[in-house]
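The values are calculated or read from the model by the stated rules, or taken from the named source; none is laboratory data. What you see is a predicted model, and the numbers here were worked out from it, not measured in a lab. For neighbour counting, all protein chains shown are included, and Cβ atoms are generated from backbone atoms with ideal geometry for every residue, glycine included.
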Amino acid sequence: MLKLAIDLGTAVTKIYRVGSGIVLAEATCVTVDKTTQEIRAFGDEAKRLLGKTADTEVSFPVCEGEIVNERHAGALLEYFLAKTARRRFGVEALFCVPCGCSTESRERYYRVAKAAGISRVDFAETPYLAALGHDVPLSESNPVFAMDVGAGKTSAATFSLDGVIAGLSMNVGGNNMDIHIIDHIADLYNLKIGMLTSEKLKNSVGSLIENDYQSTLVNGQDITTGKPRTVTVTSADILFPIRTYVDKILEYAELTLRKLPAEVSAAMCKNGVFLAGGVCSIAGFADYVSDKLQMEAHLAKDSLTAVVLGGGRVVGNAALMKRICLG
């Protein structure tokens, strides 16, 4: 039986194969012919066409951590499996899902997995997997606080091997920042940019460090004249749209901390918070979280893949699977 951990993210899908490690990290999107609805391209190839073609449209089958188009998600997952998995044997997959993932949502994941040819399906919540991606040992007596900050969904939870003590998921993430950056650049420079440019801008110079003046050239369309134009954008220019959504995420995270018993809160002071998800790679993110939550913030070595790495450690461990997988 081939064992996989799959993080079918809003922006990027990651796959871990037991015995090989992380074997895939590609955009969660497909391109579809507008007339025939035939799927033309998958993954990174499809994302490169965003906003650049007239006869096809780009479909994102996962939105805010939820599968919204099962046909496209199933076809995309089947394509990814063909690239990464030897199909001579059955495939067992652990799906990384948001904290508090509903039964209805898991049923959609299950149908998509079956359509892609996966024979056995299990589920685990991302805060557990984020902690395991940090190599944090889980036990019944040592509670852990972890956050997974993705493109469309953020999950935060305090938990032990006995289960989640307090946790929630919110529809806030990197995509909100990208949209706000588009509006902010329009107001600041009278320049229209697209989602790909906004995402690239956030990833290249996005920062939560005050007075950070890293800069990059940004190409777009002058809103007044309609002509192409290039401007220089600094980290300070986009601090506001990034900080707005990080503050919103931390506001919700604080709600989970307020629900904790006193002894668990004491453990949080000692253990801190473990961070995962692509948004956490923004410069100064861990220090900003530490300052706001008044606890040490631990950033994964590779925040984008920490969750699926944790999933890989679970899917290869039958005892751990039994303890943390959703029923």
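Residues that are crowded, with 24+ Cβ neighbours inside 10 Å: list the strands (runs of 3 or more DSSP E) wholly contained in segment 107-174 that include at least 3 such residues. Explain how you work it out, then say what you get.
Values: elements: 120-125, 144-149, 154-160, 163-170.
Those strands (runs of 3 or more DSSP E) span 144-149, 154-160.
Checking Glu199 against (1) acidic (Asp, Glu); (2) assigned by TED's automatic domain parsing to the domain that holds Leu275; (3) assigned to a helix (DSSP H, G or I), which test does it fail?
Evaluating Glu199 over (1) acidic (Asp, Glu); (2) assigned by TED's automatic domain parsing to the domain that holds Leu275; (3) assigned to a helix (DSSP H, G or I) leaves (2) as the failure.
Taking the criterion of being outside the structural domain of Ile181 (by TED's automatic domain parsing), over 18 Å from the mean Cα position of the chain (by Cα) and either modelled with pLDDT of 95 or more or over 18 Å from Gly173 (Cα atoms) (or both), would at least one residue in segment 211-221 satisfy it? Reasoning before the result, please.
Keep residues of segment 211-221 that are outside the structural domain of Ile181 (by TED's automatic domain parsing), which gives none.
No, segment 211-221 contains no residue that is outside the structural domain of Ile181 (by TED's automatic domain parsing), over 18 Å from the mean Cα position of the chain (by Cα) and either modelled with pLDDT of 95 or more or over 18 Å from Gly173 (Cα atoms) (or both).
For every residue, the table says whether it meets (1) within 19 Å of Ala276 (Cα to Cα); (2) surrounded by 21 or more Cβ atoms within 10 Å (Cβ to Cβ); (3) without any contact (Cβ under 8 Å) to a residue 40 or more places away in the chain; (4) not acidic (Asp, Glu).
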site	(1), (2), (3), (4)
Asp183	no, no, no, no
Asp187	no, no, yes, no
Thr197	no, no, yes, yes
Asn203	yes, no, no, yes
Ile223	no, no, yes, yes
Gly226	no, no, yes, yes
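Pull up segment 215-235, narrow it to residues that are in contact with a strand residue (DSSP E or B) (Cβ under 8 Å, 6 or more places away or on another chain) and not in a strand (DSSP E or B), then point me to the one that is farthest from Lys153 (Cα to Cα). If you could, list the steps in order and put the result at the bottom.
Here is the first cut: in segment 215-235, the ones in contact with a strand residue (DSSP E or B) (Cβ under 8 Å, 6 or more places away or on another chain) are 215-223, 227-235.
This time we only want the ones that are not in a strand (DSSP E or B), so: 223, 227, 235.
Numbers: Ile223: 31, Lys227: 36, Ser235: 24 Å.
Among those that are in contact with a strand residue (DSSP E or B) (Cβ under 8 Å, 6 or more places away or on another chain) and not in a strand (DSSP E or B), it is Lys227.
From the list Val23, Val68, which one is modelled with pLDDT of 95 or more and either buried (at least 23 other Cβ atoms within 10 Å of the Cβ) or farther than 14 Å from Val308 by Cβ (or both)? Reasoning before the result, please.
Values: Val23 fails: either buried (at least 23 other Cβ atoms within 10 Å of the Cβ) or farther than 14 Å from Val308 by Cβ (or both).
Being modelled with pLDDT of 95 or more and either buried (at least 23 other Cβ atoms within 10 Å of the Cβ) or farther than 14 Å from Val308 by Cβ (or both) holds for just one of Val23, Val68, which is Val68.
Going through Thr28, Thr84, Thr36, Thr13 one at a time, which residue ends up being farther than 25 Å from Glu107 by Cβ and not hydrophobic (A, V, I, L, M, F, W, C)?
Thr36
Looking only at segment 292-320, count how many residues are in contact (Cβ under 8 Å) with a residue 12 or more places away in the chain, part of a loop (DSSP other than H, G, I, E, B) and out of contact with any helix residue (DSSP H, G or I) (no Cβ under 8 Å at 6 or more places or on another chain).
1
In segment 17-47, which residues are within 18 Å of Tyr79 (Cβ to Cβ) and in contact (Cβ under 8 Å) with a residue 60 or more places away in the chain?
Arg17, Ile22, Val23, Leu24, Ala25, Lys47
Looking only at segment 205-214, which residues are exposed (fewer than 13 other Cβ atoms within 10 Å of the Cβ) and in contact with a strand residue (DSSP E or B) (Cβ under 7 Å, 6 or more places away or on another chain)?
Narrowing segment 205-214 to residues exposed (fewer than 13 other Cβ atoms within 10 Å of the Cβ): 210-211, 213.
Once the filter is applied, which keeps residues that are exposed (fewer than 13 other Cβ atoms within 10 Å of the Cβ) and in contact with a strand residue (DSSP E or B) (Cβ under 7 Å, 6 or more places away or on another chain), segment 205-214 yields only Tyr213.
Specify the residue that is surrounded by the most Cβ atoms within 10 Å (Cβ to Cβ); the eligible residues are those in segment 74-106 that are among the charged types (D, E, K, R) and out of contact with any helix residue (DSSP H, G or I) (no Cβ under 8 Å at 6 or more places or on another chain). Give the steps one after another, and end with the answer.
Of all residues in segment 74-106, those among the charged types (D, E, K, R) come to 78, 83, 86-88, 92, 104, 106.
Checking which are out of contact with any helix residue (DSSP H, G or I) (no Cβ under 8 Å at 6 or more places or on another chain) leaves us with 83, 86, 88, 104, 106.
Working: Lys83: 12, Arg86: 9, Arg88: 6, Glu104: 8, Arg106: 17.
The qualifying residue surrounded by the most Cβ atoms within 10 Å (Cβ to Cβ) is Arg106.
Considering only segment 156-201, state which residues are touching a helix residue (DSSP H, G or I) at 6+ places or on another chain (Cβ under 7 Å) and of a type outside the set (A, V, I, L, M). If you could, list the steps in order and put the result at the bottom.
Kept after step one, since they are touching a helix residue (DSSP H, G or I) at 6+ places or on another chain (Cβ under 7 Å), are these residues of segment 156-201: 156-159, 161, 165-168, 170, 172-174, 176-178, 180-182, 184, 188, 191-193, 195, 198-199, 201.
Residues satisfying the conditions are Thr158, Phe159, Gly167, Gly173, Gly174, Asn176, Asp178, His180, His184, Lys192, Ser198, Glu199.
For residues that are without any contact (Cβ under 8 Å) to a residue 40 or more places away in the chain and hydrophobic (A, V, I, L, M, F, W, C), tally how many sit in segment 228-247.
2
Filter segment 47-72 down to the residues that are β-branched (Val, Ile, Thr), closer than 18 Å to Asp7 by Cα and either assigned to a loop (DSSP other than H, G, I, E, B) or over 21 Å from the mean Cα position of the chain (by Cα) (or both) and list them by number. Steps first, answer last, please.
Of all residues in segment 47-72, those β-branched (Val, Ile, Thr) come to 53, 56, 58, 62, 67-68.
Applying the additional criterion that residues be closer than 18 Å to Asp7 by Cα yields 62, 67-68.
Passing the criteria: only Val68.
Which residues, counting only those in segment 96-130, are of a type in the set (Ser, Thr, Tyr) and touching a residue at least 12 places away in the same chain (Cβ under 8 Å)?
We begin by selecting, within segment 96-130, every residue of a type in the set (Ser, Thr, Tyr); these are 102-103, 105, 109-110, 119, 126, 128.
Hits for segment 96-130 are Ser105, Tyr109, Ser119, Thr126, Tyr128.
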